[in-house]
Every structure is written in C-alpha cells, then in structure tokens.
Amino acid sequence: MSVYVTVGSTGFDELVTAVCTRQFLQSLAARGFRQLCVQCGSSEDLFTPPSTESGAFGIAIESFDYTSSPQRFIEQADLVICHAGTGSILEALHSRKPTIVVVNHRLMDNHQSEIAQELSRRGYLVSTVVSGLADAVASGAYSKLIPYPNADPQPIGEILDEETLF
Amino acid sequence: MIFILSFAGAAALALALRLYFVLPIFSRRQRSTVDARKRKGKAVRNATQRMLCIVLGSGGHTAEMTRLLSGVDLDRYSRRLYIVGESDLISLDQIGVLESKRDGEKEEYFVGRVPRSRRVGQPWLTTPMSVLRCFRQVAWLMYRHLPDAVLCNGPGNCVVVCVVATIIRVLGVKRIPIIYVESFARVKTLSLSGKIMYLLADRFIVQWPDLLRQYPRAEHVPNLV
C-alpha cells in the first residue's frame with residue numbers, strides 16, 4: 001500500500017519535515033503502508049528521510065518537487081495526505097481516495113482551516129495539523145470516510161444563460 | 001455661483017438615480033428560471049456569437065474556475081475573453097488546455113494580460129498606483145470587446161473588471177451582467193474580493209449555506225466543484 005503526500009504549488013516546510021520523522025514512518029508501517037511518495041514543492045531541501053530502508057521501517061521512499069500531473073500520483077496511492085489548498089483537496093476528494101488534510105497554522109489568514117474542518121465534520125476527509133499527523137495515521141480514521149458527491153457545475157451555465165438571454 | 005451649485009446638485013441627483021436603477025444591489029427583481037421565461041413567450045436571442053469574459057486568478061482560483069467552466073456550454077459562448085495577471089503563467093497554460101479542446105475554426109478567444117491590481121501583502125500605500133495601472137488596461141480591454149457577461153470567482157483582478165463593467169453600464173453603453181462565484185474554501189467568511197463583489201455582482205453565488213445568513217442576496221449552490 002502506498003501513501004502520496006503533496007504540499008501543492010508552494011511549500012510546506014513543517015509537513016515535509018514531519019513526514020521524515022520516525023514517529024510518522026512507524027505509524028505508516030503499522031498501518032501496512034510500504035511506499036511513500038512526497039511532492040515537496042519549494043521545501044525539498046528539508047526532505048531528509050532515513051537513509052536506510054530499515055531506518056524507514058521498511059518503507060520505500062521517493063520524492064520530487066513539482067509535477068504537472070498530480071492526478072497520476074493520486075490514482076496510484078491508497079492514502080493521500082495533502083495541504084489544505086482547494087485544488088489539492090478537490091483532486092483528492094474526487095479521486096475517491098482516503099484523505100488526510102494538514103492545515104498549516106503558520107499561514108497568516110487561516111481560512112484554510114474553515115474548509116478542512118467543514119469537510120471533516122461532514123465525514124469526507126480527516127483534518128489535522130502537522131503535530132497531529134502521525135496520530136491521524138495511527139488511528140486509521142481515514143478508512144471510515146464517506147465518498148464525496150460528484151460535482152455538478154451545470155447551474156453556473158444556467159445562471160449565465162438566464163443573465164444573457166435578455 | 002448658485003447656477004454652478006444647482007447644476008452640480010442636479011448632476012449628483014441624476015447620477016444617484018441612475019445608479020439606483022442600474023446597480024444590481026438595489027434590484028428587487030425576482031429571479032425566474034429559464035423555463036419560466038420561455039413560458040412567458042419571450043424570444044431567445046440568438047445563442048451563438050456571445051462573448052464571455054472569464055477572469056482568471058492564481059492557483060486555487062483558476063483550478064476552481066476550470067471546474068466551473070465545465071458546466072458552461074461554450075458552444076453558446078463561442079467568443080471568449082480571458083483576463084489574467086501578466087505574471088500568471090499557470091493560468092495562461094490553463095487557457096491553452098481549455099481552448100485546445102475547442103474548434104478554432106468556429107470560435108475565437110482573446111487573452112488580456114493585465115498588471116496585478118494588488119499583490120498579496122502589498123502595502124496599501126502603493127496599492128492605488130497598481131490598481132490604476134490595472135484599471136487602465138482592463139478598461140481598454142472591456143471597452144474594446146464589450147463582452148456579453150463576466151464570470152469571475154475571486155482574484156483581485158475581478159474587482160477591477162467588475163468596476164469597469166459597472167461604469168460601462170452606468171454610462172448606458174451596455175449592460176454586462178456579472179456572475180461571481182465565491183471560492184469553495186469560503187465556508188463561514190467571505191474573501192475581501194467577495195465582500196466588494198457582493199455590491200457589484202448581478203448574481204452572487206456561494207458554495208456553503210452559512211454565508212446566506214450574513215449575505216442574504218447570495219445564492220447557495222452546493223457541489224459545483
């Protein structure tokens with residue numbers, strides 16, 4: 001089983017650091033994960049995983065800074081851990097993969113947590129902060145999520161048509 | 001002296017009345033559905049050749065806009081004007097992707113790259129200058145193309161686009177309806193753009209119901225993205 005971690009189009013130093021820790025890797029291994037793939041963005045220098053596979057609790061680790069096709073990596077994963085950006089959240093939700101969203105409390109205007117909390121409240125994903133990530137994995141709550149409804153943007157077309165008809 | 005004052009007073013009154021009758025915020029018109037209007041027997045204007053102005057902003061905004069646009073029948077809006085920030089290469093890319101799926105023979109699109117009205121975190125002191133630069137470019141684009149509608153969802157540029165569209169309307173040149181969709185990320189609070197757009201947009205769409213309490217003029221449409 002594999003995990004895909006994505007920080008989005010900028011960086012997320014604390015998350016990239018956290019996924020290298022023994023605590024996190026141990027939680028992954030205990031839940032049966034054997035592969036970890038990390039999209040680091042601009043935080044790539046902070047990505048310093050254990051150098052041996054045994055040090056990483058038997059988990060094969062790969063990383064890169066950016067990808068033009070995040071969908072591909074999400075499709076291959078059994079668990080997605082992402083930052084709380086709408087783009088990443090929507091991609092993860094629509095791919096029907098168990099998702100843990102990590103809110104970055106360093107960001108000034110933290111309306112990011114509004115969407116993470118609401119979607120978590122409704123049972124579509126797990127919301128946490130960096131310090132709670134290992135526990136979020138260990139608890140296995142991500143395996144009890146409900147599927148996100150399909151998008152229906154038709155109303156936008158209808159509203160546009162209404163406004164331009166006359 | 002009295003002559004000048006009374007002239008100024010009359011002009012101010014005329015402007016106020018014009019704004020009252022033209023701005024959507026003062027409108028108490030019922031929103032009927034497309035079906036209801038058809039039932040009233042009104043002819044549907046020729047649906048092709050309409051121009052849609054799409055305002056694109058960085059990152060999350062563009063990703064959401066792409067999803068929203070999949071609900072728009074672009075056959076009916078065969079001409080498109082994209083307004084993007086001049087340094088926003090990701091959105092520029094997205095336009096390429098979107099338009100590559102369209103028939104270039106029958107349709108056309110324009111890309112207006114405009115200076116950003118305000119960078120995130122830019123000091124408010126320098127903001128009037130950057131807004132004016134943006135305003136000038138946007139005004140030229142909007143006046144040149146006179147789109148049939150504007151669709152936007154949050155970036156700073158959309159406020160400038162909509163102010164320009166509003167001025168065009170107030171001057172009696174053309175009524176350009178503005179449809180604003182607040183971001184999916186906005187559950188309990190509106191963005192700064194959203195608060196301004198609430199006063200300017202003809203249709204103000206929110207994706208989460210809590211916002212209706214504070215903003216009764218808004219329309220809640222779930223599961224758009």
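Contact map, the stretch B:120-139: residues that are without any contact (Cβ under 8 Å) to a residue 12 or more places away in the chain paired with residues that are part of a helix (DSSP H, G or I) and of a type in the set (S, T, N, Q), Cβ distance under 8 Å, separation 6+ or inter-chain. Pairs shown: B:Q122/B:S130. The selection criterion, being more than 27 Å from A:E163 (Cβ to Cβ) and among the β-branched types (V, I, T), does not hold for B:T166.
Taken over the stretch A:133-161, the criterion of being open to solvent by 20 Å² or more (accessible area, probe 1.4 Å) and assigned to a helix (DSSP H, G or I) is satisfied by A:D135, A:A138, A:S139, A:A141, A:S143, A:K144, A:Q154, A:P155, A:E158, A:D161. A:A77: more than 28 Å from B:G59 (Cβ to Cβ) and not charged (D, E, K, R), yes or no? No.
Residue under question is B:L146, and the condition is that it be within 14 Å of chain A (Cβ to nearest Cβ) and either under 11 Å from the mean Cα position of the chain (by Cα) or within 30 Å of A:Q154 (Cβ to Cβ) (or both); does it hold? It is true that B:L146 is within 14 Å of chain A (Cβ to nearest Cβ) and either under 11 Å from the mean Cα position of the chain (by Cα) or within 30 Å of A:Q154 (Cβ to Cβ) (or both). Being out of contact with any Pro (no Cβ under 9 Å at 6 or more places or on another chain), in a helix (DSSP H, G or I) and either under 17 Å from A:Y124 (Cα atoms) or among the β-branched types (V, I, T) (or both) is a description that does not apply to A:L15.
Let's see how each residue does on (1) at pLDDT 90 or above; (2) touching a strand residue (DSSP E or B) at 6+ places or on another chain (Cβ under 6 Å); (3) not charged (D, E, K, R):
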residue	(1), (2), (3)
A:F47	yes, yes, yes
A:S51	no, no, yes
A:I59	yes, yes, yes
A:F73	yes, yes, yes
A:Q76	yes, no, yes
A:C82	yes, yes, yes
A:A92	yes, yes, yes
A:K97	yes, yes, no
A:I100	yes, yes, yes
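There is no residue in the stretch B:71-93 that is open to solvent by 10 Å² or more (accessible area, probe 1.4 Å), in a strand (DSSP E or B), β-branched (V, I, T) and free of Cβ contacts under 8 Å to residues at least 40 places away in the same chain.
Here the condition is being surrounded by 14 or more Cβ atoms within 10 Å (Cβ to Cβ), in contact with a Cys (Cβ under 6 Å, 6 or more places away or on another chain) and either charged (D, E, K, R) or at pLDDT below 95 (or both); of B:P155, B:P115, it holds for B:P115 alone.
Cβ separations smaller than 6 Å between residues 6+ apart or across chains give the following pairs from the stretch B:207-225 residues that are surrounded by 13 or more Cβ atoms within 10 Å (Cβ to Cβ) to residues that are among the basic types (K, R): B:D210/B:K188; B:V225/B:R67.
The values are calculated or read from the model by the stated rules, or taken from the named source; none is laboratory data. The model shown is predicted, which means the values in this text are computed figures rather than measured ones. Counting neighbours? That spans all protein chains shown, and the Cβs are built from the backbone with ideal geometry, glycine included. Surface areas here come from the heavy atoms of the whole protein model, side chains and all, with no ligands, DNA or RNA. Shrake-Rupley method; radii C 1.70, N 1.55, O 1.52, S 1.80 Å.
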